[in-house]
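Just below is one structure, and these are the notes that go with it.
Please treat every number below as a calculation from the coordinates, not as lab data. Worth saying up front: this structure is predicted, and the values here are computed from it rather than measured. Glycine gets a Cβ as well: all are built from the backbone with ideal geometry, and neighbour counts include every protein chain shown.
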Amino acid sequence: MKTRKRFGQHFLHDPGVLKRIADAVAPSGGDAMVEIGPGQGALTRLLLDRVDHLDAIEIDRDLASRLGEEFSEDRLKVICADVLDHDFSSFSTGLRIVGNLPYNISTPILFHLSRYADRVRDMHFMLQLEVVERMVAKPSTAEYGRLSVMLQTRFGMKKLFKVAPGAFRPPPKVDSAVVRLVPLQEKMQCDPEVLEKIVRAAFSARRKTLRNALPLAPQDYEELGIDPKLRPENLSPEDYVRIARRFSARGSP
């Protein structure tokens, strides 16, 4: 079947990689599971071998129709929709989400799903290797940035394994990797909207010192125990949460 570039389609076909993903997810029985972008159904079939029911979100109407014809709705419910528009609170809690995400919109999808962290048990995604490395990056590294902070304040993450381009049809021009995200037991102790504004402002000026990147007073830095001569990439996710709490206390930004 011909792929559609506007959907960023690269269909995973390698049986060994597909089995490694299914084994990493380890679904069973009555797990509440959603697959994003099932495509031609290669991973879908492996998941349905292990779970009673699977929900799948597919934007391509032709692919959604084919999967709907192959499986009864009591086994597979195919939702033809854009995942960025879907309300994941419509699913039950303890949700397990899996998918080969379209690389051209993977970051917006991750931010969208992070809003539902309190309803999720875990998530497993195939992504561009570079994106996975940014997700799990440590402070003071070149890969560390806005995506790292915003996801690490909500999830514990682990890069599971790399996947070569040849595992896909058509092969992408980049290496890929599978990553696991598990919501942190301790919820983020700050307003997520305030945190988002602060992190966005900081990393839009990542080459500047904190003194010039964030509107904090000298007293703020002193009381927070943060050196204003550091750069945004030097702060931990916990540091950004503490800054967000300080802004919330004073009613800004």
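As a calculated quantity, the FRET efficiency between R250 and A164 at R0 = 41 Å, using C-beta atoms, amounts to about 0.25.
Applying 1/(1 + (r/R0)^6) with r as the Cβ-Cβ distance of D74 and T141 and R0 = 45 angstrom yields a FRET efficiency of 0.45.
From the helices alone, meaning DSSP H stretches of at least four residues, give me the mean residue ellipticity at 222 nm for the chain, per-run term -39500 (n - 2.57), in deg cm²/dmol to the nearest 500.
After summing the helix terms and dividing by the residues of the chain, the value is -9500 deg cm²/dmol.
Fully extending the segment from H53 to Q219 would add 54.2 nm, taking 0.36 nm per residue of separation and subtracting the current Cα-Cα distance.
Rounded to the nearest 20, the Cβ-based charge dipole of segment 192-250 about its Cα centre (Lys and Arg +1, Asp and Glu -1) stands at 280 debye.
Note on D227/D118: beta-carbon distance plugged into 1/(1 + (r/R0)^6) with R0 of 30 Å gives a FRET efficiency of 0.35.
Average 1/r across all pairs of distinct alpha carbons in the chain, invert it, and you get the Kirkwood radius: 19.5 Å. In the chain, taking the dipole from charged Cβ atoms about the Cα centre, the farthest positive-side position among F11, A24, G166 is held by G166. For the chain, a Gaussian network of Cα nodes joined below 10 Å ranks M188, M123, M150 by mean-square fluctuation, and the top entry is M188.
Specify the longest stretch of the chain that does not include any exposed loop site, a site being one of the GluC sites (Glu not before Pro) with a non-H, G, I, E, B DSSP assignment and at most 16 other Cβ atoms within 10 Å. Formally, the longest exposed-site-free interval is 1-72.
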